[in-house]
Amino acid sequence: MELGIKGKRALVLGASRGIGNAIARELAKEGAKVMMAARTESRILAEVQAIKQELSENKEIYGFACDLDLAESRKALIKQIEERFGGLDILVHNTGGPSPSFTSETSQEQWQTGFDKLFQSVTELNQAFLPGMKTNNWGRILCVTSLSVLEPIKTLAVSNAIRSAVTSMLKSLADEVAPFNITVNCIAPGAISTERLNELMEARIKRSGQTREEYEKEYLESIPAGRLGRPEEFAAAAAFLSSERASYITGSTICVDGGKRRSTY
Ligand code: NAD
């Protein structure tokens with residue numbers, strides 16, 4: 001299927017590893033002009049090089065250092081993109097997950113940090129790039145969230161609460177910008193095999209006292225597909241949602257979870 005995004009300017013945040021990295025690679029394969037951002041310049045530039053080497057046809061891949069937790073750093077990223085590329089057509093929000101905590105034990109500082117990291121960065125970048133998308137009468141905004149917005153995850157209080165707020169905010173935004181051919185969607189990973197998931201699993205194994213084998217067996221039994229997802233499977237769905245072909249999907253949360261969520265919708 002031709003996705004219709006050749007030459008589109010796409011920014012993928014949190015792109016140095018895991019899900020964000022896979023999305024950047026997939027969009028680059030589709031011929032988009034891909035800007036990849038993460039905190040460490042050397043790391044993101046190395047990933048840009050790696051993707052350029054893999055793809056002989058598309059060399060329009062660029063790297064930016066940006067710490068999404070810091071307002072100054074977000075502003076600097078917006079400025080650089082405006083100056084070099086004159087705006088964006090596709091904006092993929094993604095960043096590191098918040099630190100785990102139980103709801104009753106989450107400090108005010110953790111709530112605030114989670115809000116800045118997961119909510120403020122999304123609204124700020126949207127506000128910066130939406131005017132250009134409206135002028136062009138085309139845009140795609142996609143936010144990587146979590147199954148936690150459908151079913152709270154026991155030890156991820158900040159993710160459960162703040163990502164639900166982000167989802168609701170983006171649903172409202174989707175209504176407002178739909179007349180401009182701008183779609184706004186969320187994409188929720190279930191259990192995608194990345195370093196982050198591995199770190200969370202290690203922490204849970206420590207707490208549970210189970211062996212890795214026991215824990216994995218139980219965990220995989222909770223996924224109808226019987227396995228973890230691959231980052232490239234997630235990225236394929238993300239690329240589609242970012243494309244011309246997904247023009248009538250907006251205000252939705254699409255789960256990529258091997259059937260893990262237990263709700264019908
Ligand atoms: P990951 O930790 O492997 O990758 C996160 C990426 O974001 C990395 O490139 C990292 O460098 C970057 N990043 C982290 N903090 C940043 C910051 N302050 N500024 C800029 N970049 C930053 O995570 P992942 O597994 O790829 O997951 C991506 C997102 O999806 C996370 O928010 C995670 O919580 C969420 N999620 C993942 C899963 C899963 O199964 N992997 C499940 C549910 C939710």
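The values are calculated or read from the model by the stated rules, or taken from the named source; none is laboratory data. What you see is a predicted model, and the numbers here were worked out from it, not measured in a lab. Using ideal geometry, Cβ is built from the backbone for each residue, glycine included, and neighbour counts are taken over all protein chains shown. The area values use the complete protein model at the heavy-atom level, side chains included, leaving out ligands, DNA and RNA. Shrake-Rupley method; radii C 1.70, N 1.55, O 1.52, S 1.80 Å.
Computed from the Cβ-Cβ distance with R0 of 35 Å, the FRET efficiency linking R262 to S107 stands at 0.70.
Phi-derived couplings, Karplus 6.51 cos²θ - 1.76 cosθ + 1.60 at θ = phi - 60°, listed residue by residue for the range 187-198: 10, 10, x, x, 9, 9, 5, 9, 4, 4, 5, 4 Hz, with x used for Gly and Pro. For the peptides 31-39, 48-56, 68-76, the ranking by packing is 31-39, 68-76, 48-56, with the highest mean count of neighbouring Cβ atoms within 10 Å listed first.
Charge tally for A32 (other residues, Cβ to Cβ under 14 Å; Lys, Arg +1; Asp, Glu -1): +3.
Overall, the range 1-121 carries a charge dipole of about 320 debye about its Cα centre when +1 sits on the Cβ of Lys and Arg and -1 on the Cβ of Asp and Glu, all other atoms neutral.
Normalised by residue count, the range 1-159 yields a Cα convex hull volume of 124 Å³ per residue.
What separates the Cα centres of the range 185-225 and the range 1-60 is a distance of 27 Å.
Working note: Cα gyration tensor of the range 179-265, eigenvalues times five, square-rooted, sorted largest first, giving semi-axes of 32, 13, 11 Å. Split the accessible area of the chain by element, probe 1.4 Å, and carbon with sulfur accounts for 51%. When the P(r) is computed for the range 123-216, the part past 20 Å accounts for 50% of the Cα-Cα pairs.
Quick check for me: using +1 on Lys/Arg Cβ and -1 on Asp/Glu Cβ, what's the dipole size of the chain about its Cα centre, in debye to the nearest 20? Don't skip to the end; give the middle numbers.
Details: 33 positive and 33 negative charges, 38 e Å.
Dipole of the chain, to the nearest 20 debye: 180 debye.
Think of the chain as having a plus end and a minus end, set by charges on the Cβ of Lys, Arg, Asp and Glu; of S107, L130, L150, L130 sits farthest toward the positive end of this dipole. Sorting E82, E57, E214, E124 by solvent-accessible area of protein heavy atoms yields E57, E214, E82, E124, largest first, with a 1.4 Å probe. Largest first, the three principal axis extents of the alpha carbons in the chain are 53, 40, 38 Å in whole numbers. The relative contact order of the chain, computed from alpha carbon pairs under 8 Å that lie at least 6 residues apart in sequence, is 20 percent. Adding -39500 (n - 2.57) for every DSSP H run of four residues or longer, then dividing by how many residues the chain holds, sets the calculated 222 nm ellipticity at -14500 deg cm²/dmol. One decimal place: the segment E57-I254 gains 67.9 nm when fully extended, by the rule 0.36 nm per residue minus the C-alpha distance.
Contact order, relative form, for the range 53-199: 26 percent (alpha carbon pairs under 8 Å, 6 or more residues apart, mean separation divided by residue count).
Amide H contacts of T145: I187, A188, each under 5 Å away and 5 or more positions distant or on a separate chain (H built 1.01 Å from N in the peptide plane; Pro and chain starts excluded).
Only one residue of A15, F64, S247 has its Cα farthest out toward the positive end of the dipole of the chain, where Lys and Arg carry +1 and Asp and Glu -1 on Cβ, and that residue is S247.
Fully extended, how many nm does the chain gain between T123 and A76 (0.36 nm per residue separation, minus their Cα-Cα distance)? Write down the numbers at each step before the final one.
Working: separation 47, 0.36 × 47 = 16.92 nm, distance 1.56 nm.
Here the segment from T123 to A76 would lengthen by 15.4 nm.
Volume per residue for the range 126-170 equals 74 cubic angstrom (convex hull of Cα atoms). Taking amide H as placed 1.01 Å from N in the peptide plane, R9 has its amide H under 5 Å from the amide H of K33, D89, I90, each at least 5 places away in sequence or on another chain. Sorted from longest to shortest, the spans of the Cα atoms of the range 1-40 along the three principal axes equal 32, 16, 9 Å.
Using Cβ point charges alone (K and R +1, D and E -1), the dipole size of the range 177-265 about the Cα centre works out to roughly 220 debye. Spin-label model, R207/A46: points 7 Å from Cα along the beta carbon direction are separated by 3.1 nm. The residues of the chain present an accessible area of 48 Å² per residue when probed at 1.4 Å with all protein chains retained.
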